[in-house]
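The values are calculated or read from the model by the stated rules, or taken from the named source; none is laboratory data. Remember, predicted model here, so these are calculated numbers, not experimental data. Here the Cβ is made from the backbone with ideal geometry for all residues, glycine too, and neighbour counts use every protein chain on show. Areas reflect the complete protein model, heavy atoms only, side chains present, ligands, DNA and RNA absent. Shrake-Rupley method; radii C 1.70, N 1.55, O 1.52, S 1.80 Å.
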Amino acid sequence: MKYAILGDIHANLTALEAVLEHARKARVERLVSVGDVVGYGAAPSATLSLLHEHSVVVVQGNHDAACAQQIDVQVFNPSARAAIEWTRTQLSRSELDWLAKLPLTLHLPHCCVAHATFAHPESFEYMHSTKSADASLDALDCAVCFVGHTHVPVTMLRPREDSTRTAYSLETELDLEDSVRALVNVGSVGQPRDEDPRAAIAFYDSDAGRIWIERVEYEISREASRIRQAGLPQALADRLFLGV
Ligand code: ZN
């Protein structure tokens, strides 16, 4: 089966439209989101509608949980907090309920999905090192798990030639033959932070055992002006152009 996995969308409608079109052309059969579908961006309701329209399966991210009042907004930095509080005013009761009921992890036929870590998905920790990936790699009961959260593509893996070791890879193409377990951070659709402002989209061909990440151009200025018009912090618009 051919999957497309969408990292942190953050209510960036123009970026989401661009990656969905890219996935359609690539004849993807199943669309998956690793969560943080809202927060930061200025089109939360339209983003949720588009996800429903395309039958995207979604796990809950920390911004989704905060919008649904399941996480204290005080743990977020000021601009993230402002966006979360604004997003709450833009969503209907049923949209907020939908965010509240999202699962923290998903087991799909050929992979698992979580927002931050697979081992402790509810604590939304950051996997910045191979050491911090160990608990999730130990807990995995499938060959590959897709995650997001940091907005930076990187893969943590147990190499087949030495499965006691945890390694990382910045390669954007991965052959599952080479690892016994892999945690693939797919980067971000709506707010990339790896200094490449283009939207990230990951593909997974489960028959071929191959995963790869592509980048898609979109009209950033359109989304930036939507953020400014909504009265959200200017920095949230500016960072989109830089990919930070
Ligand atoms: Zn995020």
Discussion item. Based on this model, can you work out whether residue 20 counts as hydrophobic (A, V, I, L, M, F, W, C), in a helix (DSSP H, G or I), surrounded by fewer than 20 Cβ atoms within 10 Å (Cβ to Cβ) and free of Cβ contacts under 8 Å to residues at least 40 places away in the same chain?
Written reply: no
Discussion item. Can you tell me how many residues within segment 138-168 are away from the ligand (no atom under 16 Å from the Cβ) and out of contact with any helix residue (DSSP H, G or I) (no Cβ under 9 Å at 6 or more places or on another chain)?
Written reply: 9
Fill in: Residue count, segment 193-228 (criterion: buried (at least 16 other Cβ atoms within 10 Å of the Cβ) and part of a helix (DSSP H, G or I))
5
Worksheet item: Are any residues in segment 1-48 on the phi > 0 side of the Ramachandran plot and of a type in the set (D, E, K, R), and if so, which ones?
Response: 27, 36
Worksheet item: Mind checking whether some residue in segment 236-244 is of a type in the set (Phe, Trp, Tyr) and open to solvent by 50 Å² or more (accessible area, probe 1.4 Å)?
Response: yes
Item to complete: Could you please let me know if residue 231 is in a loop (DSSP other than H, G, I, E, B), more than 16 Å from the ligand (Cβ to nearest atom) and on the phi > 0 side of the Ramachandran plot?
Response: yes
Worksheet item: Does segment 88-107 contain at least one residue that is surrounded by 23 or more Cβ atoms within 10 Å (Cβ to Cβ) and either among the polar types (S, T, N, Q) or more than 16 Å from the ligand (Cβ to nearest atom) (or both)?
Response: no
Worksheet, complete the sentence: Note: among 174, 137, 170, just one is closer than 22 Å to residue 116 by Cβ, open to solvent by 30 Å² or more (accessible area, probe 1.4 Å) and modelled with pLDDT of 95 or more, namely 170
Response to the item:
Counting only residues in segment 16-70 that are of a type in the set (Asp, Glu) and within 15 Å of the ligand (Cβ to nearest atom), the one farthest from residue 214 (Cα to Cα) is identified as 64
Practice prompt. Take residue 42 and decide whether it is open to solvent by 10 Å² or more (accessible area, probe 1.4 Å) and either outside any strand (DSSP E or B) or over 22 Å from residue 233 (Cα atoms) (or both).
Written response: yes
Discussion item. Looking only at segment 200-226, filter to residues that are in contact with a Leu (Cβ under 8 Å, 6 or more places away or on another chain) and of a type in the set (D, E, K, R); which one of those is farthest from residue 5 (Cα to Cα)?
Written reply: 226
